[in-house]
Amino acid sequence: MKKRKAAFFGWILLSLILVCAGCGAHGDAEQKETRQFLASFEARALDGSSFTQEDLAECDVTIFNFWSLTCGPCIREMPDLARYEKSLPDHVRLVTVCMDGAGDVEGTKRILEEAGYEGVTLLEGDGDFEKVCGAIRYTPTTVLVDRDGNLLGKAIVGAQKNLERVYSDAVGEALKAMGKGI
């Protein structure tokens, strides 16, 4: 019962974090605590493959960027995400989640191709992934998770003026807290 209450209040806290900022705002990426975020899920990627917690286990940190086809700031920052994704070390991965991409797969592919993004893009899923997507209120929103699906730091909400610096700082803090380097 206590675990259920803790999980419930964790989701409430996440929802409040995501509700308190908006599209285009600049979020704060610093926070020390971790919370179980993605323990059990399966998501469908744009290329038709599956992405699960087993994929999370392959990297120390996975960065999830939630975006929408109707979000101008999301689309404008996509080339920055593409460049950043290509610069990441092997133990850090960037995954985009197009919140409305399942309804327009070709439009999603076009935006990603024009931006030069070649990484994984998720469209829909079940379990914890579905819950997380349901809690996202503003796009773009970016969260970091560890190999066990624990949330690392605060959500980064809104487009970032210096995306590479903001994301690198958040990743650096997460790895430092794990006793690892970039």
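Search the stretch 105-126 for residues that are within 16 Å of residue 50 (Cβ to Cβ) and pair each with any residue that is among the aromatic types (Phe, Trp, Tyr) and surrounded by 12 or more Cβ atoms within 10 Å (Cβ to Cβ) when their beta-carbon atoms are under 6 Å apart and the residues are at least 6 apart or on different chains. Pairs that qualify, where the first residue is within 16 Å of residue 50 (Cβ to Cβ) and the partner is among the aromatic types (Phe, Trp, Tyr) and surrounded by 12 or more Cβ atoms within 10 Å (Cβ to Cβ), are 122/51; 125/41. Residue count for the stretch 111-132 under the criterion of being crowded, with 18+ Cβ neighbours inside 10 Å and part of a helix (DSSP H, G or I): the result is 6.
Taken over the stretch 51-89, the criterion of being among the small types (Gly, Ala, Ser) and touching a helix residue (DSSP H, G or I) at 6+ places or on another chain (Cβ under 7 Å) is satisfied by 68, 82.
In summary, residue 159 fulfils each of the numbered conditions (1) in contact with a strand residue (DSSP E or B) (Cβ under 7 Å, 6 or more places away or on another chain); (2) farther than 19 Å from residue 60 by Cα with the single exception of condition (1). Considering (1) over 13 Å from residue 66 (Cβ atoms); (2) part of a strand (DSSP E or B), the lone condition that residue 169 does not fulfil carries the number (2). Reported count of residues in the stretch 127-145, each being of a type outside the set (Val, Ile, Thr), out of contact with any strand residue (DSSP E or B) (no Cβ under 6 Å at 6 or more places or on another chain) and touching a residue at least 24 places away in the same chain (Cβ under 8 Å), is 5. Of all residues in the stretch 133-148, exactly one satisfies the criterion of being in a strand (DSSP E or B) and over 9 Å from the mean Cα position of the chain (by Cα), namely 146. Among the residues of the stretch 42-69, just one is in contact with a Phe, Trp or Tyr (Cβ under 8 Å, 6 or more places away or on another chain), closer than 20 Å to residue 115 by Cβ and crowded, with 23+ Cβ neighbours inside 10 Å, namely 63.
Reported count of residues in the stretch 149-162, each being more than 11 Å from the chain's Cα centre (by Cα), assigned to a strand (DSSP E or B) and among the small types (Gly, Ala, Ser), is 1. Candidates 157, 97: the one that is aliphatic (A, V, I, L, M), touching a residue at least 24 places away in the same chain (Cβ under 8 Å), crowded, with 17+ Cβ neighbours inside 10 Å and touching a Leu at 6+ places or on another chain (Cβ under 6 Å) is 97.
Where a number appears in this text, it was derived from the coordinates with a stated rule and is not lab data. Computed from a predicted model, the values in this text were never measured in an experiment. As a convention, Cβ positions derive from the backbone with ideal geometry for all residues, glycine included, and neighbour counts pool all protein chains shown.
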